[in-house]
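Notes follow the structure.
What follows draws every value from the coordinates through simple rules; no lab data is involved. Just so it is clear, the model here is predicted, and its values are computed rather than measured.
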């Protein structure tokens with residue numbers, strides 16, 4: 001199935017924590033405002049938006065194994081990092097005149113509302129941006145899995161996976177200059193070629209539910225809106 005020419009009505013935007021700042025240095029205000037501006041533009045183009053952000057700029061288990069903190073505790077720390085990023089992103093988006101809510105899988109009522117599917121759906125119907133933070137609320141699951149789960153639960157048309165490369169390649173394009181960029185690829189091909197689109201739990205959920213994934217380079221200005229409008233960009237996995 002080709003990318004829809006008229007774009008998508010409701011999208012899941014998956015962004016990493018790294019786009020908001022460098023690991024160990026917290027949140028970069030300039031990066032935060034740039035991404036907030038692009039997300040706000042989706043709302044102004046009448047696209048319903050759900051965001052799942054990572055927390056790798058603050059804490060991530062695989063980068064901190066030597067800290068001596070056991071896995072479960074470290075994963076919860078990572079979930080709290082996603083909430084910090086989510087609240088910061090909410091503030092930046094709202095400064096641009098767009099209503100935004102943070103719904104978290106962890107219970108932190110002082111700063112964000114709990115993730116309740118029906119409430120999140122209502123926010124989307126009222127044209128508010130919804131940021132789903134705190135991962136799935138469980139250790140051992142990545143924010144990729146959280147994005148896939150929330151996308152299916154909230155009836156999103158597509159997952160837009162924002163990365164630092166132009167799409168899905170046959171090999172790491174930073175290491176192999178002959179790596180091939182796929183414009184379109186099937187779930188079956190991704191598995192058979194062992195391509196790293198998402199972690200296996202997230203990818204299996206997308207495949208089983210028929211959730212399309214568009215992998216694209218978010219560092220090129222305007223690409224997020226272009227992807228949401230169904231433009232020819234990145235790689236379509238379907």
Original post:
Going by a ≥ b ≥ c, the root eigenvalues of the Cα gyration tensor, does the chain fall in the rounded group (a/c under 1.5), the prolate group (a/b larger than b/c) or the oblate group?
Top reply: rounded
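Can you tell me how the stretch 97-160 classifies by the Cα gyration tensor, rounded, prolate or oblate, using a/c under 1.5 as the rounded cut? Working shown, then result.
Details: a/c = 1.91, a/b = 1.14, b/c = 1.67.
Note, shape of the stretch 97-160 comes out oblate.
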**OP:** Would you compute, from DSSP H runs of 4+ residues alone, the mean residue ellipticity of the chain at 222 nm, taking -39500 (n - 2.57) per run and dividing by the full residue count, rounded to the nearest 500?
**Re:** -10500 deg cm²/dmol
Subject >> Contact order relative to length of the chain, as percent, for alpha carbon pairs under 8 angstrom and 6 or more apart >> reply: 24
Original post:
Residue separation times 0.36 nm, minus the C-alpha to C-alpha distance between residue 111 and residue 181: what's the value?
Top reply: 21.1 nm
Original post:
Extension gain residue 119-residue 95, at 0.36 nm per residue separation less the Cα-Cα distance, in nm?
Top reply: 6.4 nm
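Find the relative contact order for the stretch 1-111 and round it to a whole percent, using C-alpha pairs within less than 8 Å whose residues are 6+ positions apart. Walk me through the numbers on the way to the answer.
Numbers: 133 pairs, mean separation 31.6, N = 111.
Averaging sequence separation for qualifying contacts and normalising by length gives 29 percent for the stretch 1-111.
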**OP:** Enter the Cα centre distance for the pair the stretch 110-181 and the stretch 190-215, rounded to the nearest angstrom.
**Re:** 12
